[in-house]
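A.B. asks: Pasting a structure here, questions to come.
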Amino acid sequence: MSTEHESEHLMAAVEDAGVTFKRVDTSSTSSFNINGIPLHSSVTFGARYHWALPEPTVLKVVLGKEGLGKQIVKIFKKELQIDDPTFDAAVYIDTEDKEATAAFLGNEMLRTAIFDIVVQGGRVSIEGGEVICELAEDEPIFMGDMARVVMAVLNHG
């Protein structure tokens, strides 16, 4: 995760590049009742950030958690591996353009930012003129990680 100073610097760079973002609350409440008697309730505080790029990107990739469902998909579809064992074990890479995506993910700091988002239950989608970061828990500490991803997309083209 980025430090507060790094986050501020990255957010300023993203803003200077003409990127805007919109936050959508995805928080939810659930409860379990039997005959009207509450037995369990929970609240999740999630958010989705839509980062609008000044120009569309050639990248089209979804980076999410490597779970059982994704492991089953890997039986039928070969997943791109980055040769970073920690990243490869935690992050499922869904892309059709393996070369462009491999080049994009070549930066270790970028992989760390994506890893931090994904292992906390988040997801990063990049396509066209937008980067979408979905967070299972909306924490300010992820702003720097999201900004690092957006800057990497801008620099990649």
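Computed from the coordinates by the stated procedures, all read-outs in this text should not be read as laboratory data. None of these values were measured; they are calculated from a predicted model. Here the Cβ positions follow ideal geometry from the backbone for every residue, glycine too, while neighbour counts run over all protein chains shown.
A.B. asks: Could you compute the net charge surrounding residue 60? Neighbours are other residues with a C-beta less than 10 Å from the C-beta of residue 60; K and R count +1, D and E count -1.
C.D. replies: Local charge sum for residue 60: -4.
A.B. asks: Only one of the listed values, (1) 79, 26, 18; (2) 59, 31, 24; (3) 56, 41, 27, was derived from the coordinates as Cα extents along the principal axes in Å; which label is it?
C.D. replies: (3)
A.B. asks: Cut-off is 10 Å between beta-carbons; in what order do 114, 93, 82 appear when sorted fewest neighbours first? Present the calculation step by step, with values, prior to reporting the outcome.
C.D. replies: Values: 114 26, 93 21, 82 15.
Neighbour counts put them in this order, fewest first: 82, 93, 114.
A.B. asks: Moving on. If you fit an axis through the alpha-carbon atoms of helix 142-156 and take the longest principal axis of the Cα set of the chain, what angle between them do you get, 0 to 90°, nearest 10?
C.D. replies: 30 degrees
A.B. asks: Non-local amide H neighbours of residue 141 (under 5 Å, H modeled in plane, Pro and chain starts lacking H): which ones?
C.D. replies: It is none; the list stays empty.
A.B. asks: Which angle between 0 and 90 degrees, to the nearest 10, do you get for helix 108-119 versus the longest principal axis of the chain when only C-alpha atoms count?
C.D. replies: 10 degrees
A.B. asks: In whole Hz, with x marking every Gly and Pro, tabulate ³J(HN,Hα) for the stretch 12-18 from phi via Karplus 6.51 cos²θ - 1.76 cosθ + 1.60, θ = phi - 60°.
C.D. replies: Along the stretch 12-18, the couplings run 5, 5, 4, 4, 4, 7, x Hz.
A.B. asks: Hey, another quick one. Could you pull out every residue, at least 5 positions away or on a different chain, whose amide H is within less than 5 Å of the one on residue 21? Hs are placed 1.01 Å off N in the peptide plane, and Pro or chain starts have none.
C.D. replies: Here the answer is 52, since their amide H atoms fall under 5 Å of that of residue 21.
A.B. asks: Do you know the Lys pair count in the stretch 4-156 for C-alpha distances under 26 Å, with sequence separation 8 or more or different chains?
C.D. replies: Lysine pairs meeting both conditions in the stretch 4-156 amount to 16.
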